[in-house]
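Peer 1: I'd like to ask you about the structure that follows.
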Amino acid sequence: MLKGIDLQVAPGMILGYIGPNGAGKSTTIKIITGIIDEFEGEVKVMGMDVRKEALEVKKRIGYIPELAALYDSLTPVEYLKFTGKLYGLSDAVIAGKGWELLKLFDLADKAEARMNTYSKGMRQKVLLISGLMHNPEIIFLDEPLSGLDANAVILVKEMLQQLKQSGKTIFYSSHIMDVVEKISDRIVLIDQGRVIADGTIDVLREQAQQGSLESIFKSLTATDTATTNTAKEIIDVLNS
Amino acid sequence: MDTFFLRLFFTILKFFHLKGVNLEQVHMIASTKLMLDRRRKPATWKRSQQKEPGNAMLYTMFVYALMGLFIGLMIFILPDFMLAMIILHTYLLFMLIMTLITDFSNVLLDTSDSQIILPKPVTSRTLLVARTLHIIVYLGQLVLAIMICPLVLLTIKYGIPIGITLLVTTLLTTAIGIFITYILYGLVLRYTNEQKVKDIIGYFQVFMTVFLQ
């Protein structure tokens, strides 16, 4: 999948990691968070090798996966207890923090219901809580806003900003430019397993104007007449 | 029932002092997995019963215990001891493998685990021990449900030494059952793809449903 991703990320910033579908965004995150351990090269988190000191690294990072990967016949309270315990939190902390966060995310009245009755956005909220409850220093988010309603989107964006201000590092992966360009201090654009641009949004825009990134940039920002035409063609095919 | 088994095996586990294994995490993972088992609809659950099972595991165990009662009565009546034992163990092996394939396949071939547990600070040894503990508790319940009636009836008819011997052979048969299931999975996965495995599991589930009705 990946053909050479060389990145150095400074602490205390939000890194937007962006690329079209299938570019290798999730794969990168899975390698850093230790889900995939068969890869070539070297990955270090806070100076520690992710394969040699996996436990130390995993204690300090939080991972919010995409596609709502959780045990959905549990209730959120049970699920948070499960993940909290794996992070070594005490029962009192899990119960207190968990309940408080569920309330803040508007899930208090559904806290005793099994998550297979939940919508995608509600599951995403539970994943956010479970990934952040142990107060990690680095946070990996893979499409964290998918399925969230408008209020929750604003809430999460604001949360990310405040987390950054308190010194956390955030690795934000998405294929939608909109959000990324607003919150990121630095954007890394990848395609087909390669880094093709790296810098602030202004640098990227400049490069896009020069033509080197034009087509890929368009596919991410999607404010282009070409997409309108594609849409039109699709509708034509459907109608024919 | 499963909490009892979990406590029993967990206490045994404590005596081993395994290196690099976090027992608190082991307990948490195993008990959560057992909770998921309790809430999972068994493959042979009738479609007409739309509502969620309160305790699916207990229901399955009850059905198996009932069937065990019939088998137990049969060996009680049969005059030939050898024949009775052959039937009983064949039955145990059959039930075990069938249940392992139909109900337990999503445990043995679980992929959501990697997304959920691997990013957490859990060593691979801890995960291995937790999974083994879960499988042992699950099988413990199952074998107990299948064999409780035959065991009692056999002890009444032939005496306590034979009863204890049956206990030992039951454990051995269980080991063979797990072995055969793994070989089966291994072979199927070696020569075909995952979709095929799901199809084959589907066939087994249809067969089991017909068999149990």
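Peer 1: If I stretch the segment between B:Leu8 and B:Leu172 completely, what's the gain in nm (0.36 nm per residue apart, minus their alpha carbon distance), one decimal?
Peer 2: 57.1 nm
Peer 1: Taking R0 as 22 Å, what's the FRET efficiency between B:Lys198 and B:Asp113 from their Cβ-Cβ distance, rounded to 0.05? Walk me through the intermediate numbers first.
Peer 2: On the way: r = 17 Å, r/R0 = 0.78.
About 0.80, to the nearest 0.05.
Peer 1: For chain B, the longest stretch holding no trypsin sites (Lys or Arg not before Pro) located in a DSSP loop with at most 13 other Cβ atoms within 10 Å is which? Could you put the intermediate results ahead of the total?
Peer 2: Numbers: sites that count: B:Lys19, B:Lys46, B:Arg47, B:Lys51.
The longest such stretch corresponds to B:52-213.
Peer 1: Antiparallel versus total DSSP beta bridges in chain A: what percent is that, nearest 5?
Peer 2: On the way: 7 of 25 bridges.
If we restrict to bridges inside chain A, about 30 percent are antiparallel.
Peer 1: Could you list, in their original order, any pairs among A:Lys168/B:Lys33; A:Lys59/B:Lys33; A:Lys25/A:Lys182; B:Lys14/B:Lys198 whose Cα atoms are separated by more than 27 Å?
Peer 2: Numbers: A:Lys168/B:Lys33 33 Å; A:Lys59/B:Lys33 22 Å; A:Lys25/A:Lys182 19 Å; B:Lys14/B:Lys198 37 Å.
Going by Cα-Cα distance, A:Lys168/B:Lys33; B:Lys14/B:Lys198 fall outside the 27 Å limit.
Peer 1: Rolling a 1.4 angstrom probe over the protein heavy atoms, how many square angstrom per residue are accessible across chain B? Each step should come with its number before you reach the end.
Peer 2: On the way: 11570 Å² over 213 residues.
I get 54 Å² per residue for chain B.
Peer 1: What does the accessible area per residue of chain A come to in Å², with a 1.4 Å probe and no ligands, DNA or RNA counted? Let's see the in-between values first.
Peer 2: On the way: 12030 Å² over 240 residues.
Using a 1.4 Å probe on heavy atoms only, each residue of chain A averages 50 Å².
Peer 1: Of the accessible area of region A:19-87, with the probe set at 1.4 angstrom, what percent is carbon plus sulfur? Mind dumping the intermediate values first?
Peer 2: Numbers: 1330 of 2920 Å².
Carbon and sulfur together cover 45 percent of it.
Peer 1: I would also like to ask the following. About its Cα centre, how strong a charge dipole does region B:2-212 have in debye, to the nearest 20, once Lys and Arg get +1 and Asp and Glu get -1 at the Cβ?
Peer 2: Values: 18 positive and 10 negative charges, 81 e Å.
Once rounded to the nearest 20, the dipole reads 380 debye.
Peer 1: For the protein assembly as shown, what does the helix formula give at 222 nm: sum of -39500 (n - 2.57) over DSSP H segments with n ≥ 4, over the residue count, nearest 500 deg cm²/dmol?
Peer 2: -20000 deg cm²/dmol
Peer 1: May I ask which residue of B:Thr209, B:Leu23, B:Ile12 lies farthest towards the positive end of the charge dipole of region B:2-212, with charges of +1 (Lys, Arg) and -1 (Asp, Glu) on Cβ and the Cα centre as origin?
Peer 2: B:Leu23
Peer 1: Taking R0 as 56 Å, what's the FRET efficiency between A:Glu206 and A:Asn116 from their Cβ-Cβ distance, rounded to 0.05?
Peer 2: Values: r = 48 Å, r/R0 = 0.85.
Efficiency for this residue pair is about 0.70.
Peer 1: Here's something else I'd like to know. Looking only at chymotrypsin sites (Phe, Trp or Tyr not before Pro) in DSSP loops with at most 12 other Cβ atoms within 10 Å, what is the longest site-free stretch of chain B?
Peer 2: Values: sites that count: B:Phe15, B:Phe16.
The reported range is B:17-213.
Peer 1: Related question: Just to be sure I understand: if you take the accessible area of chain A alone plus chain B alone and subtract the pair, with a 1.4 Å probe, what total do you get in Å², rounded to 100?
Peer 2: Details: alone 13150 and 12770 Å², together 23600 Å².
The summed interface area works out to 2300 Å².
Peer 1: How many angstrom lie between the C-alpha centres of region B:54-89 and region A:53-104?
Peer 2: 43
Peer 1: Give me the Debye-computed log₁₀ of I(q)/I(0) at q = 0.07 Å⁻¹ for the protein assembly as shown, equal point scatterers on Cα only, no solvent, two decimals.
Peer 2: Taking Cα atoms of the protein assembly as shown as identical point scatterers yields -0.47.
Peer 1: Next question, about the same structure. Which residue, A:Val179, A:Ser146, A:Leu163, has the largest displacement toward the positive end of the dipole of region A:136-179 when charges sit on each Cβ (Lys, Arg +1; Asp, Glu -1)?
Peer 2: A:Leu163
Peer 1: Could you list log10 I(q)/I(0) for region B:2-212 at q = 0.09, 0.12, 0.14, 0.18 Å⁻¹, which the Debye formula gives when each Cα is one point scatterer?
Peer 2: Normalising to I(0) and taking log10 leaves -0.40, -0.72, -0.96, -1.40.
Peer 1: Per 0.36 nm of contour for each residue apart, how much would the distance between A:Gln8 and A:Phe39 grow if the chain were fully extended, relative to their Cα-Cα spacing?
Peer 2: Values: separation 31, 0.36 × 31 = 11.16 nm, distance 1.80 nm.
So the extension gain works out to 9.4 nm.
The values are calculated or read from the model by the stated rules, or taken from the named source; none is laboratory data. Quick caveat, the model's predicted, so the values are computed rather than measured. All Cβ positions, even for glycine, are placed from backbone atoms using ideal geometry, and neighbour counts span all protein chains on display. Remember, those area values only see protein heavy atoms, side chains included, never the ligands or the DNA or RNA. Shrake-Rupley method; radii C 1.70, N 1.55, O 1.52, S 1.80 Å.
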